[in-house]
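See structure below.
The values are calculated or read from the model by the stated rules, or taken from the named source; none is laboratory data. Computed from a predicted model, the values in this text were never measured in an experiment. Because the Cβ atoms are built from the backbone with ideal geometry, glycine has one as well, and the counts that use them run over all protein chains shown.
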Amino acid sequence: MKVYSIGRESGCTIVLTDNTNVISRRHAELYVSSLGKMTIIDSSHNGTYVNGVRIKSGIPYPVTRKDNVSFAHVAPLDWSRVENPQFEILKYTLLAIASLLLLVLLVWGGVKLFSKQSATETPSVADTEVPMMPCDEKTEKAIDSNKQPAKTDEEIRKQAEADAQAKIKERKAKKEEEQKNVGSDNKNNGKSGNKTDKKDNKNENKTETKQEENTGGPSFGM
């Protein structure tokens, strides 16, 4: 809160000139708050008047800049000599906003400049050469399959049916091959058995012939 002392004394904040000595040395005091509210206290002998009405001495009286304040009906109060806190608040608010905008512009300019420098220093992806890695056949097939368009449900169903038919044919072929192998095995076993019997018969005939030769002929019973 700011206090304005008003009177003829040279030490007052607002000095009033009066050759008749009607105005006191310390005629009144004006109190101004930081929000702009004002009160005046009369401390004179000839009185202080607000809009033509004398106020009580020693008692704060609220006033505004629209009021006509007079001291002993001799000298009016010059409101231009009283600072307006609302104007000061507005002034400082505008200064703060301007400073904030300036700070934002500086930061934005710095970020933009830094992004330009980084863009010029960092090569783009198109300019950088990516080495080609060798791919085997499986990888190439996988890449080609990924490039192919996706199959529809009908195509997937037909492919599944074709796979199933191929599996069934493969199973039938395996069974037929197994049956052929079993038949050939049986034939081979029969031929080997006949050969063995023939060999045994030949061996027996040879043995009998040798015995007859040793005995001098066939033996007869007496």
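Looking only at the range 84-109, count every residue that is loosely packed, with under 11 Cβ neighbours inside 10 Å and either aromatic (F, W, Y) or under 22 Å from V3 (Cα atoms) (or both) and tell me the total. Quick ask: steps written out before the conclusion?
Let us first name the residues in the range 84-109 that are loosely packed, with under 11 Cβ neighbours inside 10 Å, namely 87, 92-109.
Retained after the next criterion (residues that are either aromatic (F, W, Y) or under 22 Å from V3 (Cα atoms) (or both)): 87, 92, 108.
Adding up the residues that qualify gives 3.
When only residues in the range 25-42 that are polar (S, T, N, Q) and modelled with pLDDT under 95 count, which is nearest to Y92 (Cα to Cα)? That would be S34.
In this structure, S43 does satisfy being of a type in the set (S, T, N, Q) and touching a His at 6+ places or on another chain (Cβ under 9 Å).
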